[in-house]
Amino acid sequence: MHDQLKIGIDIHGVIDAYPERFKKLTAVLVAGGAQVHIVTGSRRDKNIDIMLAKHEITFTHYFSIVDYLVSTGKDVTWKNGKPYADETAWNNAKRDYCQSQNIDLMIDDSAIYRDTFHDISTTYLHLISKL
Ligand SMILES: [Mg+2]
């Protein structure tokens, strides 16, 4: 077991849907000693950094499904700027990361990812966006 609280937070449909709330939440979490892991599909590029900075999101770690799949030798192809990869590998990537990092709570808007978390200890908080 670990003592430090570890929170995973998705970007699309979560941080970008409620940036003011996640600004406040991530600030108090990190100030209180928790780890905040951004857990998203996107690579951490300039646009992502600009968006996170603009919304003043505080985080300690960043996980990208694309980078993870590339690092594990999976094929990732790009069409019109969007990444495509093996669907099962893609859909399990957040689960694998949360399991490996002992994430306590994962906040995400995807029902597809939610269904991959049943057999790990991370609690999946399924955010239902009003947007
Ligand atoms: Mg999402």
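The values are calculated or read from the model by the stated rules, or taken from the named source; none is laboratory data. Computed from a prediction, not measured in an experiment: that's the story for all the values here. In this analysis, Cβ positions are derived from the backbone assuming ideal geometry, glycine residues included, and neighbour counts consider all displayed protein chains.
What the table below lists for this structure:
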{"quantity": "Among residues of the range 106-124, those that are assigned to a strand (DSSP E or B) and surrounded by fewer than 16 Cβ atoms within 10 Å (Cβ to Cβ), counted", "calculated": "1"}
{"quantity": "Qualifying residue in the range 98-108 (condition: within 25 Å of Q4 (Cα to Cα), in contact (Cβ under 8 Å) with a residue 24 or more places away in the chain and small (G, A, S))", "calculated": "no"}
{"quantity": "Single residue of K94, K74 found to be basic (K, R), in contact (Cβ under 8 Å) with a residue 24 or more places away in the chain and either outside any helix (DSSP H, G or I) or within 15 Å of the ligand (Cβ to nearest atom) (or both)", "calculated": "K94"}
{"quantity": "Residues located in the range 79-91, provided they are outside any helix (DSSP H, G or I) and within 16 Å of the ligand (Cβ to nearest atom)", "calculated": "K82, P83"}
{"quantity": "Lone unmet requirement of (1) out of contact with any helix residue (DSSP H, G or I) (no Cβ under 8 Å at 6 or more places or on another chain); (2) under 19 Å from S42 (Cβ atoms) for M106", "calculated": "(1)"}
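Yes/no matrix, rows are residues, columns are (1) surrounded by fewer than 17 Cβ atoms within 10 Å (Cβ to Cβ); (2) in contact with a helix residue (DSSP H, G or I) (Cβ under 8 Å, 6 or more places away or on another chain):
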position	(1), (2)
E56	yes, yes
F59	no, yes
Y62	no, no
N80	yes, no
K94	no, yes
H126	yes, yes
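Here's the yes/no breakdown for (1) aromatic (F, W, Y); (2) modelled with pLDDT of 95 or more; (3) away from the ligand (no atom under 16 Å from the Cβ):
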residue	(1), (2), (3)
D3	no, no, yes
I15	no, yes, no
P19	no, yes, no
K24	no, yes, yes
L29	no, yes, yes
G33	no, yes, yes
R43	no, no, no
K46	no, yes, yes
